[in-house]
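See below for the structure under consideration.
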Amino acid sequence: MNRLPSCCAPLLHHWPLPRPAPGAVLVSCPFDPALLSSDDFTRAGIEQTPSLQRSVAKRQAEYLAGRVCARAALLRLDGREYVPGTHEDRSPIWPAGISGSITHGKGWAAAVVARSSDCQGLGLDQESLLSDERAERLAREILTEGELRRMDSSRTGLTVTLTFSLKESLFKALYPIVRQRFYFEHAEVLAWSADGHARLRLLTDLSAQWHKGKELEGQFSLQDEQLLSLVSV
């Protein structure tokens, strides 16, 4: 049917980040798991896999909202009607020649897509802003020694949340290219500024192109205690 699921608010075609990524389209929507209807997958024309059928309403609503956004973004990009499936590693299956990323957080989902000729990789991530107290507890799991030394103690919650999110976006952008998993200790955020710009560096070799010392640009925005980050390559 391809109608909007009951749990999703109307789609937003916008760019909530500081600067555009070449040729990229971003679509987002608020969603509410409490409004999930038993026929929402059928209504949206999206397959409900056995694992999704067994999952809780929150997971089902997240998946639906993310795939609805991805389909709308692809439709706007090149007119195709396509819903990304899921690889065994749980990453989305994008059409040949397309880079993309899906994220969902507290009541909000988004997808970004571009032709691979414009963006070799895209990584989008949303996180709720951590409190300073929780960020203090998590800092050593997420930040490298260098990042810990550079951290401004007056902005612990923002720094740890942003570092986590940027590294998630970096992984989403590079994993489809290198097909190699890497973790928080394998990259570092060198700098970020209040205008939403950030710079990252790899601390491990992932491929001949994506090697230790390679630097990349990232960007982010913060609204209503929700942080959105993007890495495009």
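The values are calculated or read from the model by the stated rules, or taken from the named source; none is laboratory data. On a predicted model such as this, the values are computed, not experimentally measured, just so you know. Backbone-built Cβ (ideal geometry, glycine too); neighbour counts: all protein chains shown.
Only residues that are of a type outside the set (Asp, Glu), within 15 Å of Arg150 (Cα to Cα) and either crowded, with 17+ Cβ neighbours inside 10 Å or within 16 Å of the chain's Cα centre (by Cα) (or both) were counted in the stretch 171-200, giving 5.
Restricting Gly79, Gly66 to those that are small (Gly, Ala, Ser), at positive phi and not assigned by TED's automatic domain parsing to the domain that holds Gln223 reduces the list to Gly79.
Residue pairs whose Cβ atoms lie under 7 Å apart, separated by 6 or more positions or on different chains, with the first residue in the stretch 90-103 and without any contact (Cβ under 8 Å) to a residue 24 or more places away in the chain and the second exposed (fewer than 13 other Cβ atoms within 10 Å of the Cβ) and assigned to a loop (DSSP other than H, G, I, E, B), are Ile93/His87; Pro95/Arg80. Quick one: would you say Phe164 is over 20 Å from Trp210 (Cβ atoms), within 12 Å of the chain's Cα centre (by Cα) and assigned to a helix (DSSP H, G or I)? Judged against the criteria, Phe164 is a match. Restricting Ser153, Ser169 to residues that are in contact (Cβ under 8 Å) with a residue 60 or more places away in the chain and of a type outside the set (Lys, Arg) narrows the list to Ser169. Go through the residues of the stretch 8-26 one by one and say whether even a single one is closer than 21 Å to Asp224 by Cα, in contact with a helix residue (DSSP H, G or I) (Cβ under 6 Å, 6 or more places away or on another chain) and in contact (Cβ under 8 Å) with a residue 24 or more places away in the chain. The answer is yes; a qualifying residue exists.
Working only within the stretch 141-158, note down all residues that are over 19 Å from Thr204 (Cβ atoms) and charged (D, E, K, R).
Those that are over 19 Å from Thr204 (Cβ atoms) and charged (D, E, K, R): Arg149, Arg150, Asp152, Arg155.
Going by the structure shown, is Pro18 within 29 Å of Gly97 (Cα to Cα), touching a His at 6+ places or on another chain (Cβ under 7 Å) and assigned by TED's automatic domain parsing to the domain that holds Ala114? Considered against the rule, which asks whether it is within 29 Å of Gly97 (Cα to Cα), touching a His at 6+ places or on another chain (Cβ under 7 Å) and assigned by TED's automatic domain parsing to the domain that holds Ala114, Pro18 comes out as yes. Within the set Ser221, Ser207, Ser193, the sole residue that is among the hydroxyl-bearing types (Ser, Thr, Tyr), assigned by TED's automatic domain parsing to the domain that holds Glu147 and over 28 Å from Thr156 (Cβ atoms) turns out to be Ser207. Reported count of residues in the stretch 201-233, each being under 25 Å from Ala114 (Cα atoms) and surrounded by 13 or more Cβ atoms within 10 Å (Cβ to Cβ), is 20. Sub-6 Å Cβ pairs linking a first residue in the stretch 208-226 that is without any contact (Cβ under 8 Å) to a residue 40 or more places away in the chain to a second residue that is among the polar types (S, T, N, Q) and outside any strand (DSSP E or B), at least 6 apart or interchain, are Lys212/Thr204, ordered by first then second residue.
I'm trying to understand the selection: among the residues of the stretch 113-154, which are aliphatic (A, V, I, L, M) and either in contact with a strand residue (DSSP E or B) (Cβ under 7 Å, 6 or more places away or on another chain) or not assigned by TED's automatic domain parsing to the domain that holds Leu170 (or both)?
Val113, Ala114, Leu122, Leu124, Leu129 - these are the residues of the stretch 113-154 that are aliphatic (A, V, I, L, M) and either in contact with a strand residue (DSSP E or B) (Cβ under 7 Å, 6 or more places away or on another chain) or not assigned by TED's automatic domain parsing to the domain that holds Leu170 (or both).
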